[in-house]
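Following: one structure in structure tokens, then a few remarks.
The values are calculated or read from the model by the stated rules, or taken from the named source; none is laboratory data. Because the structure is predicted, anything quoted here is derived from the model rather than measured. Using ideal geometry, Cβ is built from the backbone for each residue, glycine included, and neighbour counts are taken over all protein chains shown.
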Amino acid sequence: ETGVTQSPTHLIKTRGQQVTLRCSSQSGHNTVSWYQQALGQGPQFIFQYYREEENGRGNFPPRFSGLQFPNYSSELNVNALELDDSALYLCASSGDRGFDTDTQYFGPGTRLTVL
Amino acid sequence: AQRVTQPEKLLSVFKGAPVELKCNYSYSGSPELFWYVQYSRQRLQLLLRHISRESIKGFTADLNKGETSFHLKKPFAQEEDSAMYYCALSGVSGSARQLTFGSGTQLTVLP
């Protein structure tokens with residue numbers, strides 16, 4: 001069973017640009033969640049996808065969007081980047097059965113810096 | 001609205017001493033609570049969840065609904081316990097179960 005992977009590890013963008021971050025969920029996990037972790041803070045929920053549909057969203061503007069694909073991969077897209085978008089972006093996957101339903105398994109994160 | 005508060009940003013104890021990391025929550029429904037740990041240069045990983053009532057690496061946490069707390073405890077701290085600890089609450093947002101995290105406590109166990 002493979003763990004959650006994310007790419008790239010680090011990314012530098014300038015204000016106004018667009019960025020796509022990628023995640024590969026743990027095999028068999030149909031739910032993926034994305035979190036933003038600013039420096040010195042806990043992760044903050046952005047949104048969740050289940051079987052390719054967004055089924056929940058935190059307090060983030062529409063320029064944060066996502067996609068989930070049938071092969072357990074997913075993307076986080078951020079348009080019109082702002083300086084405050086600089087953070088560690090985490091994806092987490094969870095399963096459909098039993099213990100795995102509420103337990104989220106995290107990837108290593110992508111560090112985004114907006115200049 | 002759901003909220004998790006970890007009042008201590010930094011906590012230092014000596015090896016062999018007891019340690020308690022505090023966590024308080026606010027949630028209108030029936031909460032599911034977790035402790036996640038992040039060791040240096042490693043990813044965030046689940047330490048324990050209240051529903052399992054288990055002890056992992058000597059850590060335990062009891063859900064106290066009256067005090068809305070879920071403090072993490074270990075009777076004898078070890079140097080390898082030094083890490084960042086996050087308390088998290090799983091609640092419903094739309095059809096999703098989202099985790100709401102506290103801001104974390106950096107635990108340092110001194111030799």
Verdict on B:ALA61 being buried (at least 16 other Cβ atoms within 10 Å of the Cβ), small (Gly, Ala, Ser) and within 18 Å of A:THR103 (Cβ to Cβ): yes
Conditions (1) at pLDDT 95 or above; (2) not in a loop (DSSP other than H, G, I, E, B); number of the one not met by B:PHE76: (2)
Unmet criterion (only one of (1) outside any loop (DSSP other than H, G, I, E, B); (2) surrounded by fewer than 16 Cβ atoms within 10 Å (Cβ to Cβ); (3) more than 13 Å from every other protein chain (Cβ to nearest Cβ); (4) among the hydrophobic types (A, V, I, L, M, F, W, C)) for B:VAL13: (2)
Candidate set from the stretch B:1-26 (those that are free of Cβ contacts under 8 Å to residues at least 60 places away in the same chain and in contact with a Lys or Arg (Cβ under 9 Å, 6 or more places away or on another chain)); member that is farthest from B:ALA77 (Cα to Cα): B:SER26
Whichever residue in the stretch A:34-55 is crowded, with 19+ Cβ neighbours inside 10 Å and within 7 Å of chain B (Cβ to nearest Cβ) and, among such residues, is farthest from A:VAL114 (Cα to Cα): A:GLN48
Any hit, the stretch B:35-51, residues being of a type in the set (Val, Ile, Thr) and either within 14 Å of chain A (Cβ to nearest Cβ) or free of Cβ contacts under 8 Å to residues at least 40 places away in the same chain (or both): yes
Checklist (1) out of contact with any Lys or Arg (no Cβ under 6 Å at 6 or more places or on another chain); (2) touching a residue at least 40 places away in the same chain (Cβ under 8 Å); (3) in a strand (DSSP E or B) applied to A:GLY56, failing item: (2)
Evaluation of A:SER93 against (1) part of a loop (DSSP other than H, G, I, E, B); (2) under 24 Å from B:SER95 (Cβ atoms) (one fails), failing number: (1)
